[in-house]
1. In segment 30-71, how many residues are farther than 14 Å from A86 by Cα, among the small types (G, A, S) and either in a helix (DSSP H, G or I) or in contact (Cβ under 8 Å) with a residue 40 or more places away in the chain (or both)?
2. Identify, by number, the condition in (1) surrounded by fewer than 21 Cβ atoms within 10 Å (Cβ to Cβ); (2) modelled with pLDDT of 85 or more that V68 doesn't meet.
Amino acid sequence: MQLVHLPPEQGSEIQPLGAEGISRAIEEALLRRRVLRLEYADAKGAITSRDVEPGVFLGGRGGFWYLVAWCRLRDDVRVFRLDRIAAATVTAERCPDRPLEGFATEVPEMAVHGTLLD
């Protein structure tokens, strides 16, 4: 499991991880290398169902926690804010071997600047 914590911006507090079941599902999916099914709310509150291949679980920008994953809906790496995940279910499907290095080098940049925040 990749768990990274970046220092929060000055004046911000670390936010809770979100619902306990959601953070546990993410941790289990990372540890067991399983596809994760998310119900995710975008910035406007619209909910979409996403199957994702989790890569990194991190805290940082604004004190929020994020999941960096390969999103099958978008066919690209996306950053999901935990407080916007309405539900998370670990599937039986094993994640394909996808080199984490392909996007891990950009994780701090994504978390700090929110370039791909979905």
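1. Total satisfying the criteria: 5.
2. Among (1) surrounded by fewer than 21 Cβ atoms within 10 Å (Cβ to Cβ); (2) modelled with pLDDT of 85 or more, the lone unmet condition for V68 is (1).
The values are calculated or read from the model by the stated rules, or taken from the named source; none is laboratory data. Note that the coordinates shown come from a computational prediction; the quantities given were computed from them, not determined experimentally. Note that we place each Cβ from the backbone using ideal geometry, even for glycine, and neighbour counts take in every protein chain shown.
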